[in-house]
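Each remark here refers to the structure printed beneath this line.
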Amino acid sequence: MAIRASRGDVGAFRHLVREHSGLVYRVALRILGIQDAQDASQEAWIRAWRNIENFRGDSAFSTWLYRITVNTCLSVRRKESRRREREYSGDELPFLPEPRGGDADPEAASLGAQRREELLGALDHVRAEHRAALVLRHMEGLSYAEIAQILEVPDGTAKGWVSRGRAAMLVALARDENDHRETTT
Amino acid sequence: MMPSGDQRWEILEKVGAYAANELEGEEAREVERLMFERPDYRRLAESYTRMLVMLNTLGNEPVEVPDDAVGYAVRRAYVSAFMRSAEVLIRDLGRSYLDAFVYYLGLRRESYGGGI
């Protein structure tokens, strides 16, 4: 289908859009947040159509599409003023409070609206490249080789970005939790 | 002795990699030793595990794609394909007219079988 679309077949392209729209929107939503996700996913598909004649099938179509989506999201982020990243002084380690029900209450089951907002808020404090790497690794479940291919960086850099993103996210999340607890007590 | 800020960040990343099951052999053993000696590092690993579970859960939640996010791109593709075809048609038509005009003025002799 992708090869047909690369030859200018709009019907095949429409099929690809229907099939992969979830991937593009989901990644844009995780990297940019809900206010920019729709515009970014439209832009990603427009870029995909413009460049699809260069798609030769050397990599999976989804990898190629991930790359276009992530690049679109990163360029949206670069246009914005630099976001405030939570700094880590190193004075204290970032901890998350125990879940109320202890280990028998795994947060894996479902996330409440508040918890989801806290997570997305904390993600917002992670540098764009690190956030993209973190999303691809821990939310999309991709391997480091795939992440490196998508972000067009060496494997070691992809690993480093995920690691830094993970740490920065925990720092931001722990701080948000502490701030929240201070305001409620 | 308390580790410096850079060392703390390094430990923070190492414990994160351990919680994500990305360390093997000696590196994993080193983090396990640290966690055995320092309960706060153990707590840090638990915090990481909790965060990673939440991220994974969020990643697995179904996302509803707004119709506009899809429809607009497809419409643009159709318009661009139409414009591309129209451009080719107009170009070919223009070339044909030009050829006919040149022939009409007698500026070019008719060719037979590829040779002049």
3J(HN,Hα) from dihedral phi, segment A:64-71, Karplus parametrisation 6.51/-1.76/1.60, rounded to Hz, x for glycine, proline: 4, 6, 4, 4, 5, 5, 5, 4
Cα-projected label distance for A:Glu19 with B:Leu105, points at 7 Å along beta-carbon direction, nm: 5.2 nm
Cα→Cβ-extended label distance, 7 Å offset, between A:Ala60 and B:Val88, nm: 3.2 nm
Peptide-level mean, for B:56-62, of C-beta atoms on other protein chains within 10 Å: 6
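Taking 41 Å as R0, compute the FRET efficiency from the Cβ-Cβ separation of B:Tyr97 and A:Gln35 and round it to 0.05.
Details: r = 52 Å, r/R0 = 1.26.
With a Förster radius of 41 Å, E is 0.20.
Every read-out reported here was derived from the displayed coordinates using simple, explicitly stated rules and does not represent laboratory data. All of these numbers come straight from a predicted model, not from anything done at the bench. Backbone-built Cβ (ideal geometry, glycine too); neighbour counts: all protein chains shown.
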